[in-house]
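All of the numbers you see were taken from the coordinates with simple rules; none came from a lab. Here the structure is a predicted model, which is why all the values come from computation and not from measurement. Here the Cβ positions follow ideal geometry from the backbone for every residue, glycine too, while neighbour counts run over all protein chains shown.
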Amino acid sequence: MGITPASFAMSELSKVVQRCNPDFDPSRAISWRVVGPVADSWHQWIKALFKPLLLPHLFRVLNYSARQSAREIILLDAELNRKMKSWPRRRSLDAGRSLLQQSTPRGERLMAKLREAIETGAAFGHFATLYGVRCGAFSIPVRTAILSYLVQESSVGAPDEAARLKLLEASVGSVNEFLRLSSNGSTEGLRFHG
């Protein structure tokens, strides 16, 4: 029995998570809190937090990371902090602190600037911000980075790969549509998205 395309994709996304967040703890929530049936809760989280706030945030952070624009990323992190509700904000900051403790690629100056901004209070260190910067440091394409972010979010409510894959499949259309609209039909933009 061969590997399915979906299983292969999940395997590749898991490799991205391992590279960009090697100490990831799948039992700790990032910003999704499972309330009620898992699929319904996931759909609500996608609708209420991911699509309107986290997806555009990740996209912008990844774009600014490619340009090494620390100032803009710091401002985005502060904006995300203002817009998030209490529970997901607290969990996102906890996950961000954990990610900040992990070693960064040699010579990675952008993460050092963010660490300094967090220490001075100019930035907060949200997981989505720091994960986007780490993906940028490893030159992970935008679409792949966003989907690997979703794999991590889904882990708390879907402990096995098959369950995470179902949740991911339920949300990939939103990601693809967002990226299609953000590229304005440009094939250059689509190459950047991966």
Seminar exercise, completed: Helix-only [θ] at 222 nm, the chain, -39500 (n - 2.57) per DSSP H run of 4+, per residue, nearest 500, equals -21000 deg cm²/dmol
Seminar exercise, completed: Using alpha-carbon positions, the gyration tensor of the chain gives root eigenvalues a ≥ b ≥ c; with a/c under 1.5 called rounded, otherwise prolate if a/b exceeds b/c, else oblate, the class is rounded
Exercise. Which trypsin sites (Lys or Arg not before Pro) from the stretch 5-111 combine a DSSP loop assignment with at most 10 other Cβ atoms within 10 Å?
Worked result: R106
Exercise. Here are some pairs, K83/K166; K47/K166; K51/K113; which of them have Cα atoms lying more than 19 Å apart in this structure?
Worked result: K83/K166; K51/K113
For this session: Run the dipole for the chain about the Cα centre, Lys and Arg Cβ at +1, Asp and Glu Cβ at -1, nothing else charged, and hand back the magnitude in debye, nearest 20.
Result: 400
Problem set entry | Given charges at Cβ of Lys, Arg, Asp, Glu: the stretch 36-193 dipole, positive-most of L62, A117, L167 | A117
For this session: Report the label-to-label distance for A112 and Q18 in nanometres (one decimal), using points 7 Å from each Cα along the Cα→Cβ vector.
Result: 2.9
Exercise. What ranking do H43, H57 get, fewest neighbouring Cβ atoms within 10 angstrom at the top?
Worked result: H43, H57
